[in-house]
Amino acid sequence: MKLHERCQKVSGITRNLKDAGIYPYFRPISRSWGTEVEVAGKRLVMIGSNDYLGLAHDARVKEAAAQAIYSMGTGPGGSRFLSGNMAIHQNLEERLAAFVGKKRAVLHVTGFSTNMGVLGCLLTPSDYVLCDRENHASIFAGLGGTKKMGTFVHNDAGSASRKIASEMAKPDFDGQVLLITEGIFSMSGDVAVMDELGALKKQFPELLIYLDDAHGLGVLGQSGRGTANHFGVVEQCDFIMGTFSKAFASIGGFIASDHIDVLEYIQHQSRTQIFSAALPAASTMAALACIDILEAEPERVERLHAITTRMRNAYRDMGLRITESLSPIIPITIGTDEKAFMFAQELFERGIFALPAIYPAVPRGQALIRTACMSTHEDRQLEYVLDVMDEMARKYRIRVQDQDEDSGGEEAVGASSIAGARSSQSLL
Ligand SMILES: Cc1ncc(COP(=O)(O)O)c(C=O)c1O
């Protein structure tokens, strides 16, 4: 198929959605207060942000970023390898390593480029990589050239164990096995069974574990130290990867490990680190300020969990199909893609910002609205969201009882089967 024909497939879909007035993506936010945003002059409650701790609007974080611009300028002026390396980069790397419980960390300019660069430079054709099948697109992108890659059933350590055993039993196997999982899965909000995955190391001492903790950092563990800390398996995780684009209210990514030589290698071989500009000073200082705040104010994380529990209970009580987990990501199953678009549009019209995830990000017929809690949400905002959701759930017949009635008693598709979703490889 020719290039323009391929592109027309997507542009045709977006055009139809725009013509129908239900296209939900790329909404231009003109002002943000964190838990509320303005779009086209309309003020909305934000219930879909990854700024889980609300730190993007914390006065101390903003001041740190502003001061960084005054002392270091707005751009880095080069890659870290050459002219863009700043003392604050090194400071941030030390603080991050200590925060997640590792000896050393290496920064990248985004989380995506961390996975791309790190996975892209570490593996050889004889290595075997085993991914949770719901892993993020950046992980699969980083593994693009990997010869031997397998997936295991989402969040199922038994499935992972069987795959590792069968690969290692091959007579010619002489490589490294790397297991990769997310800490909190970005779409389903599921928390990885890190205790069980960590225990695989007893069975396979040579196994290496790579934890992408983009959504777990700042959210789980003591003072938000992440999913490995939460499960007490920091030691078992050889690599902990994180981003600043979620709870750390900035942009940037890092990889942390006790394998000092491997990190030295990554620093000099990761293509997205060597051939890309350094993290700007403002983003660097914002992330540093977030670590300071997390260490001093663990109650922010506690409040996030209290809000999440409250919302999860209320959604469940009103009959919505939601997943059960500790994470602030609460996807609500809607049904068909079209219904999810209409639902999101009405939410928008009623002053709520939350976006749909559709096939192939989730299985067909299980489109969802991805909601996410923030520790800075106010009671009045949460109450408003719940009132609107309750009304709309009845109207759109998305409650468990509606779906059971509509399917004539047959078991309706549950939110738990989001676990069967393919990873967010593409949105449309
Ligand atoms: C699990 C996971 N890993 C990596 C990334 C990429 O992070 P960043 O937004 O910093 O590029 C994301 C972003 O959504 C993510 O959810």
Quick one: with all protein chains in place, what share of the accessible area of the chain is carbon or sulfur, to the nearest percent (1.4 Å probe)?
53 percent
Can you give the % of DSSP beta bridges in the range 59-296 that are antiparallel, to the nearest 5?
40 percent
With every protein chain kept in place and a 1.4 Å probe, the chain has an accessible area per residue in Å² of 42 Å²
R0 of 25 Å, Cβ-Cβ distance THR74-GLU299: FRET efficiency to nearest 0.05
0.15
Net charge, GLY175 excluded, C-beta distance under 12 Å - Lys, Arg +1, Asp, Glu -1
-2
Considering the Cα trace of the chain, what is its radius of gyration and what is Dmax, both in angstroms?
21.8, 66
Rank by packing, highest mean first: peptides 15-28, 33-46, 224-237, 207-220, with packing defined as the count of other Cβ atoms within 10 Å averaged across residues.
207-220, 224-237, 33-46, 15-28
In the structure shown, of LYS18/LYS62; LYS2/LYS246; LYS103/LYS246; LYS147/LYS246; LYS102/LYS202, the pairs separated by more than 29 angstrom at the C-alpha atoms are LYS18/LYS62; LYS2/LYS246; LYS147/LYS246
With the chain treated as a Gaussian network of Cα nodes joined by springs under 10 Å, which of HIS259, HIS136, HIS154 yields the largest mean-square fluctuation?
HIS259
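The values are calculated or read from the model by the stated rules, or taken from the named source; none is laboratory data. Note that the structure is a prediction, hence the values are computed from the model and not measured. When we count neighbours, we look across all protein chains shown, and the Cβ atoms used for this are built from the backbone with ideal geometry, even at glycine. Areas reflect the complete protein model, heavy atoms only, side chains present, ligands, DNA and RNA absent. Shrake-Rupley method; radii C 1.70, N 1.55, O 1.52, S 1.80 Å.
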